[in-house]
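Take a look at the structure below.
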Amino acid sequence: MRNALLTRILDAHERSVSFGRSASWPRDVIVKIDARTFPEAFAPEGRPIRGMLLAAASELEAAGCVRVVRHARGHLRGEIEEIRVGPAEITRTYEVAQALGYEPLSSVLTAVEQHAATLAGEPQPAWMRTFLIELADAFRRADPSLLGLSRARLKRERRTLVPALTAAVALSREPPPAWERVISERLFGDSKLLGRLRPFVVGVLVRADPRWQGVPPEEAAELLEAYGVRRKPGLIRCAGAASLHIGGKVYALEDFVPAAHLPDAWSDAWVDGLVTASIQRVTTIENEYPFLSYVEEAGGSAGLASRGEVAVFTGGFPPPQLVSALSALAAKSRAHFQHWGDADVGGLRIWWFLRGRLGRPLTLLRTTAEWVAAQSSSGDRPLSGIERQALARMRRELAAITGPDIDDGIRLIDALLKYGVKLEQERY
């Protein structure tokens, strides 16, 4: 019972504004000894538990860990009503609790702070170093919000944060693409650890890498593919018409129905085939079902071929192999490139990422300011404050550049901010 009481009161202290202060707390940390806090002790059969609870509180008072307040009236008069901890008791409270196995928040904060500071000294992009320095400073102030964590969750996830930061720094260097388990074994000597850490590594990268600012981590599950982490064989999923020359054989792209799933090792042949076919338009599409519906609406590969078009599924954030193939196609052809994605921070970041890699304008298709205005009243998801800030930052980025597609991007951002919504392309 002593352990339970100490854990409860110290957890409350570590969540409070008093944590880290040596004196002049705004208030004591209080744990009530009542039915709401300890229902099992006040249940009809709970008298023995209640007795042990009260005895434990008395022992902690005698040890100088807590102060007790007793009921002043009623049938419980003289019985302990609550325990309190203030600046005078907190050091002793931690001493006794640690002897019973309690891990203080300060040790977790220190471990992550020191690891971030050590990692900041390694080779890495400037944006990652800046993030790590800011992270170390935030943890010195007992503020884990830069990672989107509360103090309580930080303690629960403490064993994942250090390796997650290690993985994020390693990936920020953009190493050659490799299988997830191979990367994990090289980093940690454990081929499965990176898979278990994936949500935390994504959470670090979307907050550190300026390319993804404002993208909610829960909407970026496949983000690691953009850093070369492969979980399944790389594929180019596309529809159109071209002749691909592979190992002395010729494959017709239009023979794959409803769309081709090509090994990414065929990317050079794919690019050469499209260039030879004098492709006129390349349409990249963020999500799977809009991609399939787009191909279907066009009349399949034959319909796309009749207008000199190839449709390409990016799978959210496109993997490096696909980006390289699209960049090669942009360099070797005069095709017009256009992109259809979600009307949200993630969709715009994917468009902007692809545009930068292609080195040419990338027209926004279907996801336009006019479409957002027309759809903004039918069951929308509201923008969060962080997403609004990210859109405003991106608008400032775009304002420094000129071009028709840039103007369309600015108008789309303005519409999202005006109506305060985000829309998935499946709504089209």
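The values are calculated or read from the model by the stated rules, or taken from the named source; none is laboratory data. Because the structure is predicted, anything quoted here is derived from the model rather than measured. No Cβ is skipped: glycine too gets one built from the backbone with ideal geometry, and neighbour counts run over all protein chains shown. Accessible surface areas use protein heavy atoms only, side chains included; no ligands, DNA or RNA. Shrake-Rupley method; radii C 1.70, N 1.55, O 1.52, S 1.80 Å.
Computed on the Cα atoms alone, the convex hull of the range 54-106 gives a volume of 85 cubic angstrom per residue. Each pair of Cα atoms in the range 322-428 enters the Kirkwood radius, and Stokes-Einstein at 10 °C and 1.306 mPa s then converts it into a translational diffusion coefficient of 112 µm²/s.
Charged neighbours of E40, selected by a Cβ distance under 14 Å, balance to +2 (K, R count +1; D, E count -1). Compactness ratio of the range 253-354: Cα Rg over 2.2 N^0.38 Å, N = residue count? The reported ratio for this selection is 1.01. Which lysines, on any chain, are close to K418 with Cα under 25 Å apart, when same-chain ones fewer than 8 places away are left out? Within the straight-line cut-off, K418 pairs with nothing. Across every pair of non-identical alpha carbons in the chain, the mean reciprocal distance, once inverted, gives a Kirkwood radius of 25.5 Å. Mind grabbing the base-10 log of I(q)/I(0) for the range 108-155 at q = 0.31, 0.32 Å⁻¹? Debye formula, identical points on the C-alpha positions, no solvent, two decimal places. So the normalised log intensities work out to -1.14, -1.18. Restricting attention to the chain, close to 60% of DSSP beta bridges with both partner residues there are antiparallel. Taking all Cα-Cα distances within the range 29-117, those exceeding 22 Å account for 40%. For the residue pairs K332/K422; K192/K232; K192/K422; K232/K422, the alpha carbons lie more than 26 Å apart in K332/K422; K192/K422; K232/K422. The long axis of helix 105-119 is offset from the longest Cα principal axis of the chain by roughly 30 degrees. Only Cα pairs under 8 Å and at least 6 apart count here; give the relative contact order of the range 265-352 as a rounded whole percent. Relative contact order comes out at 42 percent. Pairs of Cα atoms nearer than 8 Å and 6+ residues apart set the relative contact order; for the chain it is 10 percent. Split the accessible area of the range 288-347 by element, probe 1.4 Å, and carbon with sulfur accounts for 53%.
Relative to the longest principal axis of the Cα atoms of the chain, the long axis of helix 47-62 makes an angle of roughly 80 degrees. Near I33, the amide H atoms lying under 5 Å from its own belong to E82, I83; only residues 5 or more places off or on other chains count, and H is placed 1.01 Å from N. In this structure the range 82-126 gives 44 Å² per residue of accessible area when probed at 1.4 Å with all protein chains present.
Surface composition of the range 1-41: carbon plus sulfur atoms contribute 47% of the solvent-accessible area (1.4 Å probe, protein chains only, all chains present).
Expressed as a whole percent, the accessible area of the range 85-167 that falls on carbon and sulfur atoms is 53 (1.4 Å probe).
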